[in-house]
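Beneath this line is the structure, given in C-alpha cells, with notes to follow.
The values are calculated or read from the model by the stated rules, or taken from the named source; none is laboratory data. The structure presented is a predicted model; accordingly, all values stated were derived computationally and were not measured. Reconstructed Cβ throughout: ideal geometry from the backbone, glycine too, with neighbour counts over all protein chains shown.
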C-alpha cells in the first residue's frame, strides 16, 4: 500500500542580529525579527511536528549591536546567536561571509555552541584537502531522506584578510556542487536534495576562481538538486528552473533581517518503502504582521536589556551634524572626520574612505554607541597599503565613475542615479564604493569622459604629487582586500598582489578605532578639508542642487 506525506521546510537567511523587534541602531521598533518568526515557526511546528525542517543561510553574527555585544563585549558568555537559533530549534545553517569576518575565536566558539549543523561543502581544509566545515547533513523525515548541502560564496578573499579564514581554501560552487549532489544521491540515498547557499543570484565579483554570486548559473547547470535556498545579496527571489531531463529546481531567497520566511512544502508519494514522487511548492511569507512570540521575548529579555544599555552609552560629543549624504557632493564634515581618524590611527600619508550608509546622520550633541553602529555596521579593520601616484589616480577615476556621469550640457544630471518603480531616485551603484581621498588636492571635471575626470593638483601639504612615487594610503580592510574592485579593476593591481601591498593593519576594528578617537578628544569639531571639488562650478553647482533634491527630497541644494 502506498501512502502520502507532507513535509514543510522553513528558511531564513541574512538575519544580521535581527533577533528582537527593535532596531538598536535606529532606536525604533522594526517589522522583521526572529521574535516574529518564532510565533510562525511555533504554529507550523504544531501542525507538522517532526515533519518540519528549519534552515538558515548564514550571516547571523554581524549586523545589529546584538551580535557585536555577544561576540566582543561579552565573549565569555554563550553566543547569543547560537542560543537564539538553538531555542528556535534550527536544524542546519550555511555559514556566511559576515560570520567568517568575526574571526576564528568567535565563529569557532559559535559552531561549538550550535545544536544544529553549520555547513559549507566548498570550503576546504588547506592541510588535508577535506571539507573544513561539515559539507552536508542528512535528515530522515517521515521515512524520507533529505540531504542539505551547504555552500559559501567563494569571494571571501576579496573582502577578508587571511588571518580571519586561516586554514581554509575556497572553491567555486560550480566546481564542486555536482559532485556533492551525486554523493548524497548515491551514497546517502537522498530522496530530495536541498542546496543551502550563502551566495547571491548573479553578479558581484566575477573572478573565475572566487565568484561571488553563483545561484543562477549552478541552478541551470546542476542536475539532481531540487531546492536551492540562498541569500547573501539581500534580494528576495522566487523562481523555478527547468532542466532537459524534465526535472525542476526551485529557488527561494527571503532577503534579509527576517521580514520574510521562505517556505517549501513537499508533497510526497511513498510506495513499498520508497519515495516515488515529490512535488515541491514554494512561497515567501511576510512576517511583518506576525505576532511576537511572548515566550521568546521573555526568555531573552535580559539579553535585550544588556544590548540596549550598551548602545546607549555616550562616547563623546560633536559640535556639528555629521551627515553621510554630504559626502557625495563635496568635501564634507563626515567623510573628512573619518579621514582624520584614519590618518591619526595609521602610519599613512593619504586616506581612502566611502560613506557606508546612504543617509545616516549624527546630530550635534552627544555621540552614542548606537550612532557609530549607524555609520559602521560591520567590523572592518584599518589597513595601510603602498600605492603609486598613478594607481591612486586610476583608483579615483574608477570610484568617481561609479557615482557621477559625464555632463554634455549644463542641464544634464551629474549623479549616476535611476528612478525606481516606486518613483524614488537612487544610486545605480553601491554607495559604499564611492571613495574620496584625503591628503591630496584635486578636481573632478564633470565634462570629461570616464577615466579622464580627475586632475590631481598637489599634496594637501603643498608638496608636488608624483605619479611615479609610492605613497602609504589608509583604507578599511574591505577595500584593502579587494572589495568593490577599486584596487583591482580601478587601480590595476592584480588580486594576487594585494596582500604584498599591505604594510600595516590595525588590531582593532574600525568602529572601535573611531570610538577611541572620539573618547580621547571628548568633543569633536569636524571641518571639511575642502581638498576636492567638482568643476566647472557653473555646471556642477546647479546640477548638484537638482540631483540632491531628487536623491534626498526635502534638501535645499
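Numbers at a glance
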| item | result |
| --- | --- |
| Search result, residues across the stretch 1-38 that are surrounded by fewer than 17 Cβ atoms within 10 Å (Cβ to Cβ) and touching a helix residue (DSSP H, G or I) at 6+ places or on another chain (Cβ under 9 Å) | 5, 6, 26, 27 |
| Candidates 525, 520 - the one that is free of Cβ contacts under 8 Å to residues at least 12 places away in the same chain, over 23 Å from residue 433 (Cα atoms) and either surrounded by 18 or more Cβ atoms within 10 Å (Cβ to Cβ) or in the same structural domain as residue 437 (by TED's automatic domain parsing) (or both) | 520 |
| Single residue of the stretch 409-420 satisfying the filter (under 24 Å from the mean Cα position of the chain (by Cα) and outside any strand (DSSP E or B)) that is surrounded by the most Cβ atoms within 10 Å (Cβ to Cβ) | 416 |
| Count of residues meeting criterion [touching a helix residue (DSSP H, G or I) at 6+ places or on another chain (Cβ under 8 Å) and either assigned to a loop (DSSP other than H, G, I, E, B) or over 17 Å from residue 55 (Cα atoms) (or both)] in the stretch 190-214 | 11 |
| Residue ranges of strands (runs of 3 or more DSSP E) in the stretch 235-329 with at least 2 members without any contact (Cβ under 8 Å) to a residue 60 or more places away in the chain | 237-242, 248-253, 274-286 |
| Residue check, residue 377 in a loop (DSSP other than H, G, I, E, B), at pLDDT 95 or above and closer than 28 Å to residue 203 by Cα | no |
| Of residues in the stretch 1-27 being modelled with pLDDT under 95 and closer than 29 Å to residue 233 by Cβ, the one farthest from the chain's Cα centre (by Cα) | 27 |
| Meets criteria (assigned by TED's automatic domain parsing to the domain that holds residue 144 and touching a helix residue (DSSP H, G or I) at 6+ places or on another chain (Cβ under 6 Å)) for residue 252 | no |
| All strands (runs of 3 or more DSSP E) inside the stretch 130-184 with 1 or more residues being under 29 Å from residue 52 (Cα atoms) | 136-141, 144-152 |
| Unmet requirement for residue 98, which otherwise passes all of (1) in contact (Cβ under 8 Å) with a residue 40 or more places away in the chain; (2) in contact with a helix residue (DSSP H, G or I) (Cβ under 8 Å, 6 or more places away or on another chain) | (2) |
| Leading residue by the ranking (surrounded by the most Cβ atoms within 10 Å (Cβ to Cβ)) among those in the stretch 425-435 that are more than 12 Å from residue 486 (Cβ to Cβ) and in contact (Cβ under 8 Å) with a residue 60 or more places away in the chain | 431 |
| Single match in 172, 186, 199 (criterion: at pLDDT 95 or above, buried (at least 18 other Cβ atoms within 10 Å of the Cβ) and out of contact with any strand residue (DSSP E or B) (no Cβ under 8 Å at 6 or more places or on another chain)) | 172 |
| Residue 508 vs. criteria surrounded by 14 or more Cβ atoms within 10 Å (Cβ to Cβ), over 20 Å from residue 399 (Cβ atoms) and in contact with a strand residue (DSSP E or B) (Cβ under 9 Å, 6 or more places away or on another chain) | yes |
| Among (1) closer than 18 Å to residue 227 by Cα; (2) surrounded by fewer than 18 Cβ atoms within 10 Å (Cβ to Cβ); (3) touching a strand residue (DSSP E or B) at 6+ places or on another chain (Cβ under 7 Å) - the single one residue 126 does not satisfy | (1) |
| Failed item, numbered, when residue 557 is tested on (1) farther than 28 Å from residue 406 by Cβ; (2) at pLDDT below 95 | (1) |
| Within the stretch 433-535, strands (runs of 3 or more DSSP E) holding 3 or more residues that are closer than 21 Å to residue 380 by Cα and at pLDDT 95 or above | 436-438, 470-476, 502-509 |
